[in-house]
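Only the coordinates and a few stated rules stand behind these numbers; no lab work does. Model, not experiment: these values are computed from the prediction. For neighbour counting, all protein chains shown are included, and Cβ atoms are generated from backbone atoms with ideal geometry for every residue, glycine included.
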Amino acid sequence: MSDRIHITRRGGVADVRLNRPDKMNALDPDMFSALIQTSDELATDPSLRCVVLSGEGRSFCAGLDFASFQGMSDGPRDAATAAVDDIPEDRITHRGQQAVYGWTELPVPVVAAIHGHALGGGIQLALGADMRIVAPDAQLSVLEIRWGLVPDMTGTQALVNLVGLDVAKELTFTGRMISGEEAVALGLCTRLADDPHAEAMALATEIAAKSPHAIRAAKRLFNSAPKDSLAEGFSNERREIGRLIGSPNQVEQVTAFFEKRAPVFVDPA
């Protein structure tokens, strides 16, 4: 694993931290690679229950590394941008997009803990999570317009789903800075916390105590809902509940509740 990412495990919770504090966890080619490798590896772990994604040091992620950004002047296919690579046959994303989308498609919930700055690619990375816990004084911006660019790390899709079309356009067209408090008010973030990491870990621990099959099924349903028709969505619900009712973990969840004890679950296959 690259030194760009640091991971610790607490039971079924993976505490994943961007580890470039001297650069405010700015995204460079090595960070893009580390984000993709980490999400790919976590996706294969059946014992995983939840992930907390955060940044070491003063900020969550300040966006694209400025030295890498300057490299764009060398040509539109400069590898430092990590945003113009060819799409692999097994992906629907290029590297810049997959560095974010890997967390969205991870089968377990991902909670982003945001402090300091989440700018440009940094805010898009946070949007790849399922929930975002943010410090009141955090500074967030869809910053790409400053450089004459557009969000290209899946951010346009996530923004519209979270805040609606008009607010997504306003944030993107202006690139204005918003606080953590405004981010929650807009629906961009889930809730405020003076210590976002501690709050995110507590939430992840709570989620990890629930049936892993039910949690994974719920994430699949919610992830597919925006693109499914009503008929497809209702069909997906019937399919998922049909798999869950009477399954070992569902029975254990009910049994443990009535026996007033902590459930003991089996890992998803």
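Here are the numbers for this structure:
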| quantity | calculated |
| --- | --- |
| Sequence-separation-based contact order of the chain, relative, with Cα cut under 8 Å and 6+ spacing, percent | 16 percent |
| Debye equation applied to the C-alpha atoms of segment 184-269, log10 I(q)/I(0) at 0.25 Å⁻¹ | -1.14 |
| Estimated dipole of segment 212-258 in Debye, rounded to 20 [Cβ of Lys and Arg +1, of Asp and Glu -1, Cα centre] | 120 debye |
| Kirkwood Rh, angstrom, segment 212-258 [1 / mean 1/r, Cα pairs] | 11.4 Å |
| Lys pairs, the chain - Cα-Cα below 23 angstrom, 8 or more residues apart or on other chains | 4 |
| Gain upon complete extension [TRP147, ARG176; 0.36 nm per residue less C-alpha separation] | 9.1 nm |
| nm² value of the averaged projected area, convex hull over the Cα atoms of the chain | 15.1 nm² |
| Distance (nanometres) between label positions extended 7 Å along Cα→Cβ at ALA269 and LEU244 | 2.0 nm |
| Point-charge dipole on Cβ atoms (K/R +1, D/E -1) for the chain, about Cα centre, debye to 20 | 660 debye |
| Label-to-label distance, nm, for residues given as PHE66 and ASP86 (7 Å Cα→Cβ offset) | 3.5 nm |
| Approximate spin-label separation ARG191-GLU259, in nm, with each point projected 7 Å along Cα-to-Cβ | 3.0 nm |
| Semi-axis lengths, Å, segment 136-203, gyration tensor of Cα atoms, sqrt of 5 times eigenvalues | 23, 13, 11 |
| Ellipticity estimate at 222 nm from DSSP helix runs (n ≥ 4, -39,500 (n - 2.57)) divided over the chain, nearest 500 | -12500 deg cm²/dmol |
